[in-house]
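The values are calculated or read from the model by the stated rules, or taken from the named source; none is laboratory data. Remember, predicted model here, so these are calculated numbers, not experimental data. Because the Cβ atoms are built from the backbone with ideal geometry, glycine has one as well, and the counts that use them run over all protein chains shown.
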Amino acid sequence: MIKRITLFCLFLLSNFVILDLATANSNANSNIKLTVVVDGIRHQKGQICLRIHNDEQGFPFTDTSEVQSGCVQIQGNSINKDFYGLKPGTYAVAVVDDQDGDYKLNRNFLGLPQEGFGVSNNPTISIKTGVPKFQDASFSLKKNKTIYIVIKYSLDP
């Protein structure tokens, strides 16, 4: 009888250890770092604002599906921004060269950008292609990763 109780206790203890390890692995995976490097900045004033999205809703203009965001003061033709605590998944990043500090992409009466802009994967953005779609800018994030975005100051031909 004592052997059975001892075996049962060992069985329960081993299951708790397995569950605890699974929880630890899950928590470790939710602390992924994404580094975004933005190149091609033409101005030395203002800030580069970035939004990380995890869904197509609102991408790239609104914060509807935003999971993190932040701005970096411009001090050269390139900036780096680290985002921490992301969970494994599919993301896309939208970037604006915010010259006037209003935290949005200013557009003219035709809807064309008046400030620098960019999205992850650097897809072609033209009158023909229209606003970039989440699926064209998205990438899989499973571990720490660095992505590169080249900022545009006009539409592609």
The residue that is nearest to the chain's Cα centre (by Cα), considering only those in region 143-157 that are outside any strand (DSSP E or B), in contact (Cβ under 8 Å) with a residue 60 or more places away in the chain and within 22 Å of Ser126 (Cβ to Cβ), is Ile151
Residues of region 61-72 being more than 19 Å from Gly101 (Cα to Cα) and surrounded by fewer than 15 Cβ atoms within 10 Å (Cβ to Cβ), in sequence order, are Thr64
Checking Gly111, Gly76, Gly58 in turn, the sole residue that is in the same structural domain as Asn144 (by TED's automatic domain parsing), over 21 Å from Lys142 (Cβ atoms) and surrounded by 13 or more Cβ atoms within 10 Å (Cβ to Cβ) turns out to be Gly58
Here the residues within region 89-102 that are more than 11 Å from the chain's Cα centre (by Cα), over 23 Å from Ser126 (Cα atoms) and in contact (Cβ under 8 Å) with a residue 12 or more places away in the chain are Asp100, Gly101
Of those in region 129-142 that are within 13 Å of the chain's Cα centre (by Cα) and not hydrophobic (A, V, I, L, M, F, W, C), the residue nearest to Lys33 (Cα to Cα) is Lys142
